1. Test each condition in (1) in contact with a Pro (Cβ under 9 Å, 6 or more places away or on another chain); (2) exposed (fewer than 15 other Cβ atoms within 10 Å of the Cβ); (3) within 30 Å of P554 (Cβ to Cβ) for Y526 and report the one that comes out false.
2. Tell me which helices (runs of 4 or more DSSP H) are completely within region 215-281 and hold 1 or more residues being modelled with pLDDT under 85 and within 26 Å of S618 (Cα to Cα), or say none if there are none.
3. Suppose the filter is outside the structural domain of R235 (by TED's automatic domain parsing), touching a Ser or Thr at 6+ places or on another chain (Cβ under 6 Å) and crowded, with 18+ Cβ neighbours inside 10 Å; does A613 pass it?
4. Exactly one of these conditions fails for S685: (1) within 40 Å of the chain's Cα centre (by Cα); (2) in contact (Cβ under 8 Å) with a residue 40 or more places away in the chain; (3) within 20 Å of M356 (Cβ to Cβ). Give me its number.
5. Being farther than 20 Å from A72 by Cβ, outside any loop (DSSP other than H, G, I, E, B), at pLDDT 85 or above and not polar (S, T, N, Q) is the requirement here; does I430 meet it?
6. Quick one: count up the residues across region 660-704 that are polar (S, T, N, Q) and crowded, with 19+ Cβ neighbours inside 10 Å.
7. Within the set of pairs 6+ apart or on separate chains, which have a first residue in region 326-353 that is in the same structural domain as D303 (by TED's automatic domain parsing), a second that is buried (at least 17 other Cβ atoms within 10 Å of the Cβ) and outside any helix (DSSP H, G or I), and C-beta atoms under 6 Å apart?
8. Which residue pairs have Cβ atoms closer than 8 Å, lie 6 or more positions apart in sequence or on different chains, and pair a first residue in region 395-423 that is touching a residue at least 60 places away in the same chain (Cβ under 8 Å) and assigned to a helix (DSSP H, G or I) with a second residue that is surrounded by 14 or more Cβ atoms within 10 Å (Cβ to Cβ) and among the basic types (K, R)?
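The values are calculated or read from the model by the stated rules, or taken from the named source; none is laboratory data. Note that the structure is predicted; figures quoted are calculated from it, not measured. Cβ coordinates were reconstructed from backbone atoms using ideal geometry, including for glycine residues, and neighbour counts include every protein chain displayed.
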Amino acid sequence: MELLVKDSIRIFVADGEGTVTASISFPTSDAQGWQPLQRLLSSVPTLLFAIRVWAAACLALFVAFWLQVDNAYWAATTAVIVSQPSLGASLRKSWFRMGGTIIGAVAIVILTACFPQNRLGFLLGLALWAAACGFVAATLRNFAAYGAALAGFTAAIIASDELGATGGLGGHVLLLALTRVSEICIGIVCAAVVLATTDLGRTRGRLADLYAAISGAIARGLVCTLKGADGGTTRAERRDLVRQTIALDPVIDEVMGEEPDLRLNSQPLRAAVEGLFVSLAGWRLVANHLEHVTGDWRRLDADIILQRLPAALRSGTGETDAVDWVEEAVRLRRTCTAAVKALVKLPAHTSSLRMMADGAAQGMMGLARSLDGIAVLAGRDRGEGNRQAAQLPVPDYLPALVNASRIFLMIGAVELFWIVTEWSSGALAIVWSTIFVIVHSLPGTDQPYDSARSRLLGIVAAAICAAIIKFAVLPGCETFTGLAIVIGVVLVPVAALSTLHWQPELFGFLALALIPLLKPENPISYDTVQYYNDALAVIAGAGASTLAFRLLPPPSPAFRAARLLWLTLRDLRRLAKMEATGSRAAWESLAYARLSVFPEQAGSLQRARLLAAVSVGSEIIRVRRMARRLGVAAELDSAFAPLAWAQSALASRRLEYLAGRLPTTLTGARARTVLRMQGSICAISEGLRWHATYFDARTINELR
């Protein structure tokens with residue numbers, strides 16, 4: 001959204017990852033006089049989001065009252081949960097929440113059928129199901145992970161209704177499941193209606209601009225490198241672009257939720273992200289080689305490569321111009337594709353020139369794939385070229401196993417506490433402990449204990465606010481309008497505060513828990529003993545999950561980053577020893593999956609090391625194929641052997657010796673193969689030298 005106020009204030013509103021931000025520029029010298037208006041206008045998007053949350057909750061509550069469902073507050077709570085600052089995020093989350101709800105309902109029906117008269121077996125099965133859902137959620141990403149989590153605690157919600165206060169299984173689980181699914185679907189539909197009618201959606205254009213900005217930066221960086229830019233500067237820029245490319249994944253999920261046509265045509269968007277990684281790897285190869293080459297040949301080879309690049313990229317001024325990349329995506333894609341062909345066919349008489357040409361071709365090929373995604377987003381066409389993006393495999397199962405173990409042990413402990421104490425609200429404590437422990441285990445939470453503690457404070461604050469509203473305010477409100485106004489007085493400011501960077505978990509869970517603690521019904525019950533008992537159960541569930549994260553914390557960000565590097569190094573050594581075989585695409589897909597889940601706290605050097613391992617592994621696969629054609633596969637295996645022994649320097653020397661012994665009297669295609677193999681060997685050697693400490697690591701502790 002862009003607003004102009006008297007031609008002196010320009011406001012840009014952008015929906016980030018769960019955050020609404022606004023920036024204002026004052027080109028006039030009289031900016032101080034506009035400060036009150038600046039503060040007012042900067043709060044508009046946040047207030048609009050908060051009002052949407054309140055409207056969705058009230059609409060869901062009204063529809064649930066009209067349909068006379070049992071627990072109308074679940075519909076309103078669902079509407080609060082699925083409401084997001086971005087329309088695409090809300091719709092995408094709604095779809096996965098609906099799917100997870102249905103799966104959880106089916107699971108609890110099957111579980112009841114398996115243990116009709118066995119409460120202990122039923123509770124054990126419930127804990128196992130929640131642990132399984134937590135495991136799957138930890139292996140997925142974005143809203144798909146949330147859908148798996150929903151399947152876990154939806155089963156717990158239905159189970160609590162079935163178990164009641166005494167824990168006896170009833171025969172009405174199917175009716176309960178249908179009722180809960182109906183209530184949740186009401187909330188999902190109401191939130192979607194409110195968001196769709198009040199937000200036009202801007203994620204598609206934002207994603208295209210992000211692609212364009214990163215693609216433009218990579219293209220300019222490659223050109224500047226060939227023109228002789230400082231290697232340290234371009235290296236820092238390259239590492240920052242890796243971080244920006246990783247951050248594109250959740251935005252793609254939002255676009256698919258906002259744009260139905262892209263849901264079935266999402267491959268170019270996924271392939272575009274891989275294309276950016278490919279471009280960065282090609283740029284890195286060229287930059288590192290130019291830092292090693294000396295003499296007049298360095299400038300001559302760089303000029304030869306530079307002349308083969310598209311003229312539109314060579315003439316860049318260095319300033320970001322994302323509009324041109326979006327508007328001219330189809331034309332730029334064709335020029336990049338033509339540049340790839342020209343670079344691949346470039347007559348090269350030295351291995352150095354051949355390697356640089358192949359690296360630049362790799363960069364142009366990645367940019368072409370990125371431009372394919374931009375063209376689809378801009379509606380220019382439906383994409384060309386390689387539209388298939390490999391499904392990213394699970395990068396590491398350890399965090400998922402830790403999450404599943406924590407969930408099972410914590411839910412089992414709460415269930416045992418309920419059985420021993422015969423607490424009448426024990427089933428409700430099981431529900432909320434399940435919700436909290438699974439939600440806190442979702443990917444992207446790097447400090448789960450601190451987050452859980454903040455959310456526990458939010459639950460305590462919600463219990464206090466709900467008690468004041470229920471027993472001091474609501475007795476004087478006899479209409480639905482009065483109820484809606486009372487809820488809005490608390491929900492609107494809390495929802496607005498949840499979008500800010502200061503304590504978002506605290507205010508977010510205060511908004512989430514307010515309505516289920518308030519339990520608005522028709523008519524409303526004012527049983528104080530029951531309220532305090534239920535509020536204590538909710539707080540106990542939140543406290544149990546917080547304690548579980550304290551006793552069994554997930555792997556730290558530093559350990560996870562080191563482990564991802566170690567797993568990649570292990571796989572690379574298997575490639576060197578021929579213990580693992582596979583295509584180059586499969587290798588890169590696994591490495592990019594690990595790069596995509598790298599902790600935000602990880603240093604840029606660690607990301608650079610992983611990207612270097614991707615390049616070295618890709619070149620190993622490529623050079624083995626060429627060695628078989630030239631009949632030197634055995635010599636190549638001998639040269640790679642030290643790499644598997646953590647002796648990268650020895651491997652580099654053996655590779656260079658092998659490159660020098662390759663036949664030079666061949667002609668035609670075999671001569672070009674020799675040059676390409678020598679160039680690939682040079683790329684591997686340079687990669688090993690740049691990150692020798694990483695490639696020579698013998699334990700995971702050396703990578704922390």
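1. That leaves (3) as the condition not met.
2. Of the helices (runs of 4 or more DSSP H) lying wholly inside region 215-281, those with at least 1 residues that are modelled with pLDDT under 85 and within 26 Å of S618 (Cα to Cα) span 231-246, 248-258.
3. So A613 passes the test.
4. (2)
5. It is true that I430 is farther than 20 Å from A72 by Cβ, outside any loop (DSSP other than H, G, I, E, B), at pLDDT 85 or above and not polar (S, T, N, Q).
6. Here is the first cut: in region 660-704, the ones polar (S, T, N, Q) are 664-665, 667, 673, 678, 680, 685, 693, 699, 701.
Remaining after also requiring crowded, with 19+ Cβ neighbours inside 10 Å: 678, 680, 685.
The number of residues fulfilling the criteria is 3.
7. So the pair list comes out as A329/R380; V330/R380; T335/P310; A339/L309; A339/P310.
8. From region 395-423, the pairs are L398/R563; P399/R560.
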